[in-house]
Amino acid sequence: MSGNTLTIRETTPAIGAEIGGVDLGATLADEDFARVHEALVTRGVIFFRDQDISVERQKEFGLRFGELVAHPNDPGLDGHPEVMIIHADETSKRVAGERWHSDVSCAAEPPMGSILRLFTVPDSGGDTLFASMYAAYDALSDRMRSLLAGLTAVHDGGPYYRGVNRLIGRDDGGRTYPRAEHPVIRTHPVTGRKTIFVNEMFTTHLVGVPTAESDAILAFLFRHVTNPQFQCRFRWAENSIAFWDNRCVQHHALWDYFPHTRSGYRVTVRGERPE
Ligand code: SIN
């Protein structure tokens, strides 16, 4: 398909776009790639339907946007360490991403984006919520923006990943997890817009701020970013793809479909050091 067939429909005023008229099973024309990239960085998350593509094609699509990276706490698909298996069924004790977060924000260079294709979906439930951190930043008062400007926060993978491993009985003895310090407000490297970059999954504290104040400011921000005004909610179907930009979006996977099965593959694209 060529640039003539691609359509873009906004999901909500704040975030998201559904892209039609493209076949991700084939290589995107440069013009289409440019429009998809533009939609990703401006809308924060983009959705595609009916993409019955191989894992190799999903990786090739991801590679158009940058190098792929393996997950620090997930062994990945056999022969494809950079492909994360997203799976839940009647034996599951947890699901990936069941709290608001930006993927692996504990890394020194957190992922730019994540591309998830689901091939098995429950009849109902299993939606993913996405929240625009552009909109969340824009909604702050000037006073709060001034307070947050220049602050940095620690993002630590250890507490979260060790908790996951304990729950599922995976031995992580001796393993170390990424831990990094990032600006609380970052600037998106492509759009130049400011975003809130702390999340309840990985951010433990603000640097150089007394604990009581750090806890209070983070509690405010963790609540603020979940305002429904900043959100869209994606209803999956078999072979839907969601591609989110972790630099300007947080997401939350709902596990309201137990004991039913939901499965797919996620590829993750390398990012840069937040500034
Ligand atoms: C994740 O990558 O955080 C999981 C998202 C989902 O399963 O919808």
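Throughout, read-outs are computed from the coordinates displayed, never taken from laboratory work. Predicted model, so just to flag it, every value in this text is computed and none were measured. Virtual Cβ from ideal backbone geometry, glycine too; neighbours counted across all protein chains shown.
Which one of Ser54, Ser92 is out of contact with any Asp or Glu (no Cβ under 8 Å at 6 or more places or on another chain), among the hydroxyl-bearing types (Ser, Thr, Tyr) and under 30 Å from Tyr177 (Cβ atoms)?
Ser92
Restricting the first residue to the stretch 32-50 and requiring it to be part of a loop (DSSP other than H, G, I, E, B), which pairs with a second residue that is surrounded by fewer than 22 Cβ atoms within 10 Å (Cβ to Cβ) meet a Cβ separation below 7 Å and a spacing of at least six or different chains?
Matching pairs, first to second residue: Arg49/Ala237; Arg49/Ser240; Asp50/Asn239.
Out of the strands (runs of 3 or more DSSP E) lying entirely within the stretch 87-187, which hold 2 or more residues that are more than 16 Å from the ligand (Cβ to nearest atom)?
Strands (runs of 3 or more DSSP E) meeting the threshold: 152-156, 179-183, 185-187.
Within the stretch 86-134, take every residue that is among the polar types (S, T, N, Q) and in contact (Cβ under 8 Å) with a residue 24 or more places away in the chain and give me the one that is nearest to Gly76 (Cα to Cα).
Keep residues of the stretch 86-134 that are among the polar types (S, T, N, Q), which gives 91-92, 102, 105, 114, 120, 124, 128, 132.
Subsequent filtering for residues that are in contact (Cβ under 8 Å) with a residue 24 or more places away in the chain retains 92, 102, 105, 114, 120, 124, 128, 132.
On the way: Ser92: 17, Ser102: 19, Ser105: 19, Ser114: 14, Thr120: 18, Ser124: 27, Thr128: 21, Ser132: 28 Å.
Looking at the filtered set, the residue picked out is Ser114.
Consider only pairs whose beta carbons are under 6 Å apart and that are at least six residues apart or on different chains; among these, list those whose first residue lies in the stretch 4-27 and is of a type in the set (Ser, Thr, Tyr) and whose second residue is surrounded by fewer than 16 Cβ atoms within 10 Å (Cβ to Cβ) and not in a loop (DSSP other than H, G, I, E, B).
Every condition considered, the pairs that remain are Thr7/Gly20.
Can you say whether Arg223 is more than 14 Å from the chain's Cα centre (by Cα), on the phi < 0 side of the Ramachandran plot and without any contact (Cβ under 8 Å) to a residue 40 or more places away in the chain, as far as the supplied structure shows?
Spelling it out, Arg223 is indeed more than 14 Å from the chain's Cα centre (by Cα), on the phi < 0 side of the Ramachandran plot and without any contact (Cβ under 8 Å) to a residue 40 or more places away in the chain.
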